[in-house]
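Structure first, then comments.
None of the figures in this text is laboratory data; all of them are computed from the coordinates on show. Predicted, not measured: the structure shown is a model, and the values here were computed from it. All Cβ positions, even for glycine, are placed from backbone atoms using ideal geometry, and neighbour counts span all protein chains on display.
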Number of protein chains: 2
Amino acid sequence: MFWVYAALAVSLVSFFVAAYFYNWVKKLPTANPKLDEVGALIREGAFTFLRREYRVLGLFSIIVMAVIFLFFPQPVWAGAGVGKNLLMVFAYLCGTVLSALAGYVGISIATIANLKAATAARESIQKSFMAGFRGGAVMGMAVIGTSLAGAALIYIISRDADVIMAFSFGASSLALFAKAGGGIFTKTADIAADLTGKVELGIPEDDPRNPAVIADNVGDNVGDVAGMGADLFDSNVAAMAATIVIALSLGEVPFLFCVTTLGLLASVVGVLCARLGKNGNPSRALNGGTYLTCGVFAALTFIACLASGFELRLWGAAMVGMLAGVIIGITSDFFTGDDKKPVAKVAEACQSGPAFTILSGFSYGLLSALPALVGIGLAALISYKLCAPLGAGYEMLGISCAAIGMLSIVGMIISSDAYGPIVDNARGVAEMADLGDEVLEITDELDAAGNTAKAITKGFSIGAAGLTVIALLGAFREVVQAAGVEITFDLMDPLVFFGMLVGAAIPAVFSAMLIMGVNRNSQLMVKEIHRQFKEIPGLKEGTGKPDYARCIDISTLGAIRELVPAGLTAIAATLLVGFIGGVQAIGGYLTGNIISGLLLALLMSNAGGLWDNAKKYIESGHFGGKGSDAHKAAVIGDTVGDPFKDTAGPSINTQITVVSLVSSLAAVLFLTYSIF
Amino acid sequence: MFWVYAALAVSLVSFFVAAYFYNWVKKLPTANPKLDEVGALIREGAFTFLRREYRVLGLFSIIVMAVIFLFFPQPVWAGAGVGKNLLMVFAYLCGTVLSALAGYVGISIATIANLKAATAARESIQKSFMAGFRGGAVMGMAVIGTSLAGAALIYIISRDADVIMAFSFGASSLALFAKAGGGIFTKTADIAADLTGKVELGIPEDDPRNPAVIADNVGDNVGDVAGMGADLFDSNVAAMAATIVIALSLGEVPFLFCVTTLGLLASVVGVLCARLGKNGNPSRALNGGTYLTCGVFAALTFIACLASGFELRLWGAAMVGMLAGVIIGITSDFFTGDDKKPVAKVAEACQSGPAFTILSGFSYGLLSALPALVGIGLAALISYKLCAPLGAGYEMLGISCAAIGMLSIVGMIISSDAYGPIVDNARGVAEMADLGDEVLEITDELDAAGNTAKAITKGFSIGAAGLTVIALLGAFREVVQAAGVEITFDLMDPLVFFGMLVGAAIPAVFSAMLIMGVNRNSQLMVKEIHRQFKEIPGLKEGTGKPDYARCIDISTLGAIRELVPAGLTAIAATLLVGFIGGVQAIGGYLTGNIISGLLLALLMSNAGGLWDNAKKYIESGHFGGKGSDAHKAAVIGDTVGDPFKDTAGPSINTQITVVSLVSSLAAVLFLTYSIF
C-alpha cells in the first residue's frame, strides 16, 4: 500500500503548489478600474453559466444515481444486495463532484489570471508569461491532484472493479456534458462575434462595442478552461480505472500508483521550473517544461521500479506510451504549426477562394489521421508484446500502462493548455480596457505560443484517449469474464460486426448534433446583435452601451439545450445495442466507436487548427494580408473550423470514454437480458 | 452445371438487348451539323483520354502480371508449379480486359446518346427520355452480361478460389484507376469551368465561349459513365468471387449463378419495360423500372429455388440484401433529394454565408451515415443468422448471398445511373448547338430525374460494397484456412487492433490524395482559361475560338499523374501491414478499412449531393434565387462537394474492394513471410 499512500501525499503537495500559485497570481496588481469592471463581467458570466449548467447536470446526476442504485451492477433485488449498489452510487457521486470541482477551480483562477497577465504585460513579457502559466498551473495541479487522490481513496475504500468504474463514469459523464456544453457556448459566441464584428462591421476582435464580446471571452473560460479540464480529468481517471480493473487480479495496482504519483511529482517539478528567460521564446519555455517533466518522470520511475522491485517491462510500456504521446504531439504540430508547410499551403489555396480553402484544409485533416493512428496502433502493439512474457493478463496491462505513461505528465500538459485561453483572454481584456498597443503585441505573442502548445497537447489527449479506450475494452472483457463468461470478440461474428458498424456511426451523429447546435445558436445570436445595433442608439459610434448579458444568455441557454440530447444519444445507443446484441455486439460497438471516433477527432481537431493558423498566417502579411480576398476565404475556413476543433473534435474523446464505461457498468445486465 | 450454362445463355440475351438498343439509339437523327461538330469534339476528347489512360494501365497491368506470375498465389519456384501461376495471370488479364471493355462500350454509346437525346427533346420529352435511358441500358446490359459471362467462364475453366480472386482483382484494380482517374478528370474540368465561367464572367453553364466546356462534357463521360461502369462491374465481380470462394466447399455455387442469372434476366425485363408515359414523371419512370425489376427478380428466384431444390434460407438472405439496398437508397434520397428537409435546411443556411453552408451540409452528411451503416449491419446480421442453421460455413454464405441479392438488379441500376450523365450531356450539347430554350427545359427536367436516381443508385452501390467486403473478409479467412491454418480474428489481439487502426487511416489518406489532385489540376486549368481569355482576341465576345484541346489535355495529364500514387498507396499499405503483422493484422486492417471507408464514402457522397441540390434549390427561386448572396454561398458548397461526391466518395468503394482482394491473393505469402 506504500504507493497508494504516496499518491495521497503527493496529491497534497500538488494542492499546496496550486494554492501557492493561486495566491501568487491573486496578489499581482490589476491595471485600472476599467479592467476590473470588464473582468467582473467575464467572471460573472462564466459563473452564471457554470451554475446553470451544474443545476441541469445535478438533476441528470440524481436520475443516474437512482438508476445506478436500482440496476447497477445488478438489479438491487437480484444482485449482491443493497450495500454494493449504494457504494456504486457513492463512487459515482464522488466522480461527478470532483469533476465539477475541477471545472470550478479552473474558472476561478482563469478569470483572475487573465486580468493579471494583461496588467503584467505592461511591465514585461516575462511577467505576463508567468501570470498566465502559473494561472494554468493552478488548474493543472488541482485537476491531477484531485483525480489521483480520488482514485486512491476509492481504491482504499472498495478495491472493487465495479465501484472504480462507477467513479470513473461519474467523472466522464459530467465531463461529456461540460465539454460539449462549454464547446457549444464558446463557439456560438466566437462565430457570432466574428461574423458581425470582423466581417460585417470591420471592427477589430474584442472591440467593446460588439455585444457578443463578453460572451466570447466567457466562452474561452467555460469551453477551453473548464471543458478541457473536465476532459483531461476524465481521461486520467478513466485510464486509472481501466488499469486498476486489469491490475487487480494480477496484484499490480501498486505499480499504477507508483507511475501516476511520480508523474504528478514530475509535473510539479516541471511547473515550478518553467520560466521565460530574457529574450526567451514562450513556445520554447512551454515545450521545455514538458520535456523536462518527461525526463524527470522517466528517471524517477526507473529508479522507483528498481527500488520497489516492479517489472521493468511494465516500466517500458509506460515509456512507450509517453514517447508515442510526444510523437503524436509533434505530428499534430506539423499539421497545424504556423511555420510548417500545410499551413502555408492552405493559406496559398485561400487565394483561389473559400472552396479551395475548405478542400485543402479538409485534405490535410484527413492525412493527419495517419501518423496518429499508426502511432497509437504501434504503442498498443509494442506495449502488449513487451508485457506478454510476464504471463496471461499482462498484455492488456501493458496497453493500459502505456495509456498511464502517456497521461502521467498530464499535470504539466493541463498547465500549458490552460495557459492558452488565459493569455487569449488577457489580450481581450487588454483591448477592452485600453491598455495600449504594446500590451496587445505582447499578449499576441504569448497567445501564438498558446496555440502551438494547444496543438501538441491536443495530440496528446487524443492519443491518450485512444490507448485508454483500448484499455477500457480490455477492462470490459475483464468484467464480463469476472461474471464467469469466457469471451473472445471474433471479427467474423455477425453480432460483433453489426455492433461495429453501429458504433462507427455514433461519433458521426454526436458530432453532427453538436455542430448543428453551434449553427443554430450562433444564428440566433447574430440576430440579437443585429437587433442591438439597430435599436441601441450610438452603439456603433461607441457612445451607446451594448447589452452583453443578452448574448451571454443566448449562449448559455443554447448550450444547455443542445448538450443533453447529444450526450444522451450516445448513451442510449450503447444501451440499445447491448440489450439487442449482448456483450458480443458491445465489443464490436466499442471498437467501431473508437476507430471512427479517433478518425473524426483527429480530422476535425487538426483541420480546425490548420484553418485557424492559415488565417493568422495571412493576417501576418502573406498573400495580401488582412482585408484581401485570401483573408476573406481564410475567415470562412476558420469559421468552419471553429466548431470542428473546439466543439465536436475534442468532445469525441469523452464520448468514447463514456460509452466504454457505460458498457463495462452494464456488462452484467447485457449478459442477462439481451435479445440475441 | 445447369445454372452456369444458363448464366452464359442469359448473358448472350443481354448482349442482344444491348446491341438492339445501341442500333436503336444510333438510328435516331441528330439536329444539325453544329451538334455533330460538338459531339465529335466530346467523343474525340473522351477517347483520347481513354486511350492514354489505358496505355498507362496497360503498363501497370503488365507489371502486375509479372508479379503475379512470379509470386502468386505462391512463389513460382516454391508452389504448385508454373501452371497455376499462369492461370492466375490469364484470369487477371481477363478481368482487366473485360473491365476496360465495359468502360469503352459505355463511352461509345454515351457520346452518341447525348446528341440523340438532345435532338429528340425537340420532339417530346418521352422520346428524349427513351434515347437517354436506352443509351444507359446499353451500358447496363453490356457491363453485367460481361461480368456474368466472365465469371461463369473462369469458373468453368478453373473451379479454383485463387484464380477467381485473380479475375476479380483484375477487374478491381482497373476499376480503381478508372474511377479515380475519371473522377479527377471530370471534377478538374467542372470546377475550373464553373469558377471561371459562372462565378467570374457570369456566363451560363455550358457556354461555348468557355475553353473548359468541352473538357467538362468529356468529364461527364469518362468520370460518370466509364468510371461508374467500371465501379459497378468491379463490385459485381467481387461479390460473385467472394461467394464462389465461400460456396465452393459447400457445393452451393449453382445457387449463386441462379441468383445472378435471374437478376440479369429481371433487369432485361426492367429495361425493356421502362417507358415514360404521357405527362409522366421521369423520376417515377426510372424508379418504377427499378421496383419492377426487384419484383420480377424476387418472383423468378423464388420459383427457381423451389424448382431446383435450393435452400429457401439462401433465397431469404438474397431478399434481405435486396431490401436493404432499397432502404439504403431511400435514405440517401432523403438526405439529398431536393424535395426533402435537409436540402431546404442547407439552402436556408446558405443565407448566413458559406461557412454555415459547409457546416450544415457536413453535419447532415455525418448524420446520413447512421441509417446506411445500421442497414448494412442489420442485413449482415439477419442473413447470417438466417443461414446459420444450414450448417458450418453457411453463415458467411448468407452474408455473401445478401451482397449478391443487393447487386442482382445492378443491370437496371447501371442503366438508370448512366442515363444521368447522358441527359446532363444532352443539356450541354443542346446549349452549345443552340437548340433553343424548350429543349433546355426538357433536358433540365430529365437531368433532375437523373440526379435523384443517382442518389438512390449511389446508396445501392455503397451498401453493396459494404456487404461485399464483409463477404470478402469471409473469403480471406476461407483462403487462410484452406492453407491449413485455423484462424479467428480476436479484437483483443494487438496485431488485429494495430491493423485496424492503420486500415482506418487508409481511406482517409486515399481520399485526401484524390481531393488534392483535383485541387492542383483545377487551379492549373483556371490559369490556362485566364490565359486564353487574355491572349485570344474576341473570345469573351464570342468571335474568337477557344482552344478546347489544351483544357482537355490538362485534365487528362493531371488525372493520369494523380491516379497512380493514390491507388498504389492503398495497395502498398496492405502489403506492408501484411508482411509486418501477418494475417491477423490483415484481418484487422480490412475491418478498419471497411468501417472508415464506408463512413467517409457515405459522408462525402451524401454531403456532396446535398450541396449540389441545395444550390439547385436556390436556383429554382428560393432564398433570393440566382445571383443572391445565398446562391454564392451555395456555389461554394457545391464546389467543395464536387470532389467529395464524384471523385473521392465513390472511389473509396473500389479502394476497399481492391485492398480486400490483394489481401486474399497474398494470404499465403503473409502466412509464410510476415515479421510477427
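If a/c stays under 1.5 just call it rounded; otherwise compare a/b with b/c (prolate if a/b is bigger, oblate if not). Do that for segment B:527-676, with a ≥ b ≥ c from the square roots of the Cα gyration tensor eigenvalues. It is oblate, given that a/c is not under 1.5 and a/b is not larger than b/c.
Between the residues A:ALA508, A:ALA549, A:GLN532, the greatest Cα displacement towards the positive end of the dipole of segment A:491-552, with unit charges on the Cβ of Lys, Arg, Asp and Glu, is found for A:GLN532.
If you place +1 on the Cβ of every Lys and Arg, -1 on the Cβ of every Asp and Glu, and leave all else neutral, what size is the dipole of segment B:2-673 about its Cα centre, to the nearest 20 Debye? Numbers along the way, then the final one.
Details: 42 positive and 51 negative charges, 119 e Å.
Taking the Cα centre of segment B:2-673 as origin, the dipole is about 580 debye.
For the pair B:ALA549 and B:LYS341, the difference between a 0.36 nm per residue extended length and the Cα-Cα distance amounts to 70.7 nm. Fewest-first ordering of B:SER128, B:SER408, A:SER11, B:SER415 by other beta carbons within 10 Å of each residue's beta carbon gives A:SER11, B:SER128, B:SER415, B:SER408. Between segment B:43-96 and segment A:489-525, the alpha-carbon centres lie 41 Å apart. Near B:ALA601, once Lys and Arg are set to +1 and Asp and Glu to -1 for all other residues with Cβ below 11 Å from its Cβ, the sum equals +2. A:VAL76 label point (Cα plus 7 Å toward Cβ) to equivalent points in the other copies: 7.6 nm, shortest first. Magnitude of the charge dipole for the protein assembly as shown, about its Cα centre and with charges confined to Cβ atoms of Lys, Arg (+1) and Asp, Glu (-1), is about 620 debye.
Of the trypsin sites (Lys or Arg not before Pro) found in segment B:223-293, the ones in coil according to DSSP and having at most 13 other Cβ atoms within 10 Å of their Cβ are B:ARG275, B:LYS278. Peptides A:139-152, B:524-537, ordered by how many other C-beta atoms sit within 10 Å of their residues on average, highest first, read A:139-152, B:524-537.
Can you pull out the trypsin sites (Lys or Arg not before Pro) in segment A:112-169 that DSSP calls coil and that have at most 14 other Cβ atoms within 10 Å? Those satisfying the criteria are A:ARG159.
Peptide A:636-645 has a mean shielding of 4, counted as Cβ atoms of other protein chains within 10 Å of each residue's Cβ. Inter-copy label distances at B:ALA9, shortest first and taken from points set 7 Å along Cα to Cβ: 9.0 nm. Ordering B:TYR22, B:SER663, A:LEU610 by Cα displacement along the dipole of the protein assembly as shown toward the positive end leaves B:SER663 in first place; charges were set at the Cβ atoms of Lys, Arg (+1) and Asp, Glu (-1). Please work out whether segment B:120-189 counts as rounded, prolate or oblate from its C-alpha gyration tensor, where a ≥ b ≥ c are the square roots of the eigenvalues and a/c under 1.5 means rounded, while otherwise a/b larger than b/c means prolate and anything else oblate? It is oblate, given that a/c is not under 1.5 and a/b is not larger than b/c. Going from the fewest other Cβ atoms within 10 Å to the most, the residues B:CYS551, A:CYS94, A:CYS387, B:CYS401 appear in the order A:CYS94, A:CYS387, B:CYS551, B:CYS401. Put simply, when B:429-436, A:217-224, A:66-73, B:470-477 are sorted by average Cβ atoms within 10 angstrom per residue, most first, you get A:217-224, B:470-477, B:429-436, A:66-73.
Using just the helices of the protein assembly as shown, give the 222 nm mean residue ellipticity in deg cm²/dmol: DSSP H runs with n ≥ 4 each add -39,500 (n - 2.57), and the total is spread over all residues, rounded to 500.
Values: 39 runs with 1107 residues, N = 1352.
After summing the helix terms and dividing by the residues of the protein assembly as shown, the value is -29500 deg cm²/dmol.
Between copies, the label points of A:GLY538, set 7 Å from Cα on the Cα→Cβ line, lie 6.6 nm apart, reported in increasing order to one decimal in nanometres.
Do the alpha carbons of any pairs in A:LYS345/A:LYS626; B:LYS84/B:LYS179; A:LYS187/A:LYS615; B:LYS127/B:LYS458; B:LYS26/B:LYS127 sit beyond 19 Å of each other, and which pairs?
On the way: A:LYS345/A:LYS626 17 Å; B:LYS84/B:LYS179 30 Å; A:LYS187/A:LYS615 17 Å; B:LYS127/B:LYS458 26 Å; B:LYS26/B:LYS127 14 Å.
Flagged as over cut-off: B:LYS84/B:LYS179; B:LYS127/B:LYS458.
Indicate the gyration tensor shape class of the protein assembly as shown (rounded, prolate or oblate), computed on the Cα atoms with a ≥ b ≥ c the square roots of the eigenvalues: a/c under 1.5 is rounded; otherwise a/b larger than b/c is prolate and the rest oblate.
oblate
Among the trypsin sites (Lys or Arg not before Pro) within segment A:316-397, those in coil by DSSP and having at most 16 neighbouring Cβ atoms inside 10 Å are A:LYS340. P(r) for segment A:2-673, from all Cα pairs and a bin width of 20 Å, is 20, 56, 22, 1 %, short bins first.
Taking every residue in A:190-201 and counting other chain Cβ atoms within 10 Å of its Cβ, the average works out to 1.
For A:ARG55 and B:GLU438, what does the FRET efficiency come to when R0 = 60 Å and r is the distance between their Cβ atoms, rounded to the nearest 0.05? Each step should come with its number before you reach the end.
Details: r = 65 Å, r/R0 = 1.08.
That pair, A:ARG55 with B:GLU438, gives E of 0.40.
Modelled spin labels at B:SER308 and A:GLU123, positioned 7 Å past Cα toward Cβ, are 8.9 nm from each other.
The distance between label points at A:LEU101 and B:LYS626 comes to 6.7 nm (points 7 Å beyond Cα on the Cα→Cβ vector).
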